[in-house]
Amino acid sequence: MARASLTTTAPRTGLVVVQPFRRKHCAGCRRGPVPMVVLEDTAPRCLDCADLGHLVFLPRGDTALTRRSREESGLSAVVVRFNRRKGRYERQGVLVEEAALARAEERCLADAEARRRRRVRDARRRAAQDERFAEAFAAEILRLFPGCPGDRARGIAAHASLRGSGRVGRSAAGRALSEGAVVSAVVASVRHLDTPYDRLLMSGVPRHEARRRIATEVEGRLREWGGEGGARGGAPPPSQGMYRK
């Protein structure tokens, strides 16, 4: 089977160089063993005899670098190896001019640096957007609940509007600063920070029962922050479903 890589027809996609299973001696200069050969009438020729000795090997793996190296190189060859299990040749890399590889690497590095700078700009832009949105969310909290401490409002807004969190502030209603979404974020904060809700859950109390037990405390805190009438005419009772986490 070792001779399959030499006797099986290699793919003809331009110049093709074969990596044999066992290193062969060149049929021309008799030098060897050599790791790569060019088949001329099924006889193996070393790269020097095939006038490819000045090329350098670029292993497969980096598609952009391979493509650009071949674009830059006046002479190139595909390197293949026969897969006995699959019964076919598989690409291992390319041979290209050394200067062409260097130019291709420079192009890829330039692109990588450009992508890095773009990622930094995008991150800064998103951070600025998130900061403005969190400020608007906090302002809406304070409008609905003027008694809420400013630091608490900003903390609720930052938590609810965290990008990628899936929390209420990132929902369509939250991005629109709807009253329901803002109140839901405030209620969730009160529930977890100002009531024994988390301890009830940890002790095995079902979620709906735990919410029922702390409902009065939640309403009391909302009325305290919202004034006598709560947010826009009084905080809605827990049964309205606005107190989702």
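Descriptive notes on the structure:
- For the chain, the share of DSSP beta bridges that are antiparallel, to the nearest 5, is 85%.
- The chain: most fluctuating residue of G93, G155, G164 per GNM, C-alpha cutoff 10 Å: G164
- Cβ-derived FRET efficiency at R0 30 Å, E224 paired with S203, nearest 0.05: 0.65
- Contact order relative to length of the chain, as percent, for alpha carbon pairs under 8 angstrom and 6 or more apart: 12
- GNM on the chain, alpha-carbon springs under 10 angstrom: the most fluctuating residue among I156, I141, I214 is I214.
- GNM result for the chain, Cα springs below 10 Å: residue of R207, R107, R121 fluctuating most strongly: R207
- Were the residues from A110 through R143 laid out at 0.36 nm apart, the gain over their Cα-Cα distance would be 6.9 nm.
- Using a simple spin-label model with pseudo-atoms 7 Å out from Cα toward Cβ, E179 and V16 lie 7.5 nm apart.
- Antiparallel bridge percentage (DSSP; both residues within the stretch 13-107; nearest 5): 85
- Alpha carbon convex hull of the stretch 1-150, volume per residue in cubic angstrom: 180
- Estimated at 0.36 nm per residue, the fully extended path between R31 and R67 surpasses their Cα-Cα distance by 9.8 nm.
- Within the stretch 69-150: Cβ-based charge dipole about Cα centre, in debye rounded to nearest 20 (Lys, Arg +1; Asp, Glu -1): 500
- Ordering G147, S73, V218 by Cα displacement along the dipole of the chain toward the positive end leaves S73 in first place; charges were set at the Cβ atoms of Lys, Arg (+1) and Asp, Glu (-1).
- Neighbour-count order for S165, S171, fewest beta carbons within 10 angstrom listed first: S165, S171
- With helices as the sole contributors, the chain gives -15500 deg cm²/dmol at 222 nm; each DSSP H run of n ≥ 4 counts as -39500 (n - 2.57), and the sum is divided by every residue.
- Cut-off 18 Å, label 7 Å out along Cα→Cβ of E135, residues of the stretch 150-170 by amide N: 150-163
- Exposure proxy ranking for C26, C46, based on other Cβ atoms within 10 angstrom of each Cβ and starting from the fewest, stands as C26, C46.
- Under 5 Å between amide hydrogens, built in the peptide plane, is the criterion, and for G93 it picks out R60, V79 among residues at least 5 positions away or on other chains.
- Built amide H within the under 5 Å cut-off of K24, gap 5+: V34
Read-outs: derived from the displayed coordinates by stated rules, not from any lab. For clarity, every value in this text was computed on a predicted model and none was experimentally measured. Glycine gets a Cβ as well: all are built from the backbone with ideal geometry, and neighbour counts include every protein chain shown.
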